[in-house]
1. Identify, by number, the condition in (1) in a loop (DSSP other than H, G, I, E, B); (2) in contact with a Ser or Thr (Cβ under 6 Å, 6 or more places away or on another chain) that LEU59 doesn't meet.
2. Has region 18-35 got at least one residue that is in a helix (DSSP H, G or I), closer than 19 Å to ALA112 by Cα and either more than 12 Å from the chain's Cα centre (by Cα) or touching a residue at least 40 places away in the same chain (Cβ under 8 Å) (or both)?
3. Mind listing whichever residues of region 95-105 are exposed (fewer than 15 other Cβ atoms within 10 Å of the Cβ) and closer than 19 Å to ALA41 by Cα?
4. Which residue pairs have Cβ atoms under 8 Å apart, sit 6 or more places apart or on different chains, and have a first residue in region 49-72 that is within 20 Å of THR3 (Cα to Cα) and a second that is surrounded by 12 or more Cβ atoms within 10 Å (Cβ to Cβ) and β-branched (Val, Ile, Thr)?
5. In the list ASP124, ASP69, which residue meets the criterion of being farther than 19 Å from ALA13 by Cβ, modelled with pLDDT under 90 and acidic (Asp, Glu)?
Amino acid sequence: MNTDVSDRLRCVANLLADPGQLDGVRIRCCAELLRTAVERAVATACDAQDSDQPAHALLISLPSHVDADVAYDASQLWHALSRAIRHHGYELTPTVAELSGWHADTAAVAAALEPTLTLSGTIDLPEGIR
């Protein structure tokens with residue numbers, strides 16, 4: 001897994017280990033860490049780590065790089081985390097249980113977006129190498 005993604009997941013896991021310390025600000029910070037983890041995993045899957053493309057553009061192009069269900073899950077998770085970060089004062093702050101669920105979902109999506117090497121066909125070696 002991408003080190004940026006795993007570092008963010010580990011940081012949120014450490015904060016979730018002591019839920020008593022999680023107030024509204026820290027919960028939103030954790031949601032921001034999870035959202036950037038999703039963004040980095042999506043960028044890696046789209047081979048756009050060094051680009052300045054916005055997350056929306058990468059999410060739109062993601063189905064051409066990975067399975068449609070994985071792309072849908074990544075998009076839905078990113079939107080949920082975005083809403084959690086930018087909630088209004090009259091809305092309830094996300095709960096620790098919701099944050100824990102998003103953490104698990106982010107780990108699953110990041111793992112599903114991890115590039116895999118698929119080999120197909122045969123390799124013909126010259127006579128002298130066999």
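1. (1)
2. Yes, the conditions are met somewhere in region 18-35.
3. GLY101, ALA104
4. Between residues of region 49-72 that are within 20 Å of THR3 (Cα to Cα) and residues that are surrounded by 12 or more Cβ atoms within 10 Å (Cβ to Cβ) and β-branched (Val, Ile, Thr), the close pairs are ALA55/VAL42; LEU58/VAL42.
5. On the way: ASP69 fails: modelled with pLDDT under 90.
From the options ASP124, ASP69, the qualifying one is ASP124.
Quick grid of which residues meet (1) exposed (fewer than 15 other Cβ atoms within 10 Å of the Cβ); (2) in a helix (DSSP H, G or I); (3) polar (S, T, N, Q):
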site: ASP47; (1), (2), (3): yes, no, no
site: VAL70; (1), (2), (3): no, yes, no
site: LEU77; (1), (2), (3): no, yes, no
site: ALA80; (1), (2), (3): no, yes, no
site: ARG83; (1), (2), (3): yes, yes, no
site: THR93; (1), (2), (3): no, no, yes
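The rows are residues; the columns are (1) in contact with a strand residue (DSSP E or B) (Cβ under 8 Å, 6 or more places away or on another chain); (2) at pLDDT below 95; (3) more than 25 Å from SER100 (Cβ to Cβ).
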| site | (1), (2), (3) |
| --- | --- |
| VAL12 | no, no, no |
| PRO19 | no, yes, no |
| ASP23 | no, yes, no |
| ARG28 | no, yes, no |
| ALA31 | no, no, no |
| ALA37 | no, no, no |
| ASP50 | no, yes, yes |
| HIS56 | no, yes, yes |
| HIS65 | no, yes, yes |
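The values are calculated or read from the model by the stated rules, or taken from the named source; none is laboratory data. Because the structure is a prediction, the values reported are computed rather than measured. All Cβ positions, glycine included, derive from the backbone under ideal geometry; neighbour counts span all protein chains shown.
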